[in-house]
Amino acid sequence: MLITDTAIEKEVIRIISKTKEITPDRLWADRLLKDFGFDTVDVVDIILELEKIFKITIPDEVPIDTVGDFVEFVATHTIKKTTS
C-alpha cells in the first residue's frame with residue numbers, strides 16, 4: 001500500500017483538528033500550535049494518536065512547534081518505513 005504525502009497531511013491535520021475542534025482549513029503548516037491554545041497535554045495526545053495510527057515513534061527530543069512539524073515528521077517516517 002502506497003501512502004502519499006497528501007493523504008498523510010490530511011490525516012495528520014484531521015487528528016490535530018479534532019483535538020481542539022478546530023476546522024482543518026485553519027491549520028496551515030506554518031501555524032504555531034500555541035496560536036490555537038494547544039498545551040503540552042494536547043501535544044502529547046496528538047503524538048500518541050499519530051504513533052498509534054501510523055505505527056511510528058515520535059521521540060521526545062523532536063521539536064514540534066507547528067502543524068507542519070507534525071506533518072513533516074510523520075510523512076518522512078511513514079514513507080521511509082513503507083519503502084524499506
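Accessible surface of residue 12 in the full protein assembly, 1.4 angstrom probe, to the nearest 10 Å²?
Here the residue's solvent-accessible area equals roughly 0 Å².
In nm, what is the difference between 0.36 nm times the number of residues separating residue 32 and residue 69 and their Cα-Cα distance?
On the way: separation 37, 0.36 × 37 = 13.32 nm, distance 0.94 nm.
Length gained between residue 32 and residue 69: 12.4 nm.
With r defined as the distance between the Cβ atoms of residue 20 and residue 61 and R0 fixed at 22 Å, what FRET efficiency is calculated, to the nearest 0.05? Walk me through the intermediate numbers first.
On the way: r = 24 Å, r/R0 = 1.11.
Calculated transfer efficiency: 0.35.
Using only the alpha-carbon atoms, how far is helix 40-54 inclined from the longest principal axis of the chain? Give it as 0 to 90 degrees, nearest 10.
With rounding to tens, the tilt is 20 degrees.
Shape of the range 18-65 from its Cα gyration tensor (a ≥ b ≥ c, root eigenvalues): rounded if a/c is under 1.5, otherwise prolate when a/b > b/c, or oblate?
On the way: a/c = 1.77, a/b = 1.46, b/c = 1.21.
It comes out prolate by the Cα gyration axes.
Can you show me the helix-derived [θ] at 222 nm for the chain, built from DSSP H runs with n ≥ 4 at -39,500 (n - 2.57) apiece and divided by the number of residues, rounded to the nearest 500. Let's see the in-between values first.
Working: 3 runs with 48 residues, N = 84.
Helix-only estimate at 222 nm: -19000 deg cm²/dmol.
In whole percent, and with a 1.4 Å probe on the protein chains, what portion of the accessible area of the range 1-80 is carbon and sulfur?
Numbers: 2760 of 5000 Å².
Within the range 1-80, the accessible surface is 55 percent carbon and sulfur.
The values are calculated or read from the model by the stated rules, or taken from the named source; none is laboratory data. Remember, predicted model here, so these are calculated numbers, not experimental data. No Cβ is skipped: glycine too gets one built from the backbone with ideal geometry, and neighbour counts run over all protein chains shown. When the accessible area is computed, the model is the full protein with side chains, heavy atoms only, and any ligands, DNA or RNA have been set aside. Shrake-Rupley method; radii C 1.70, N 1.55, O 1.52, S 1.80 Å.
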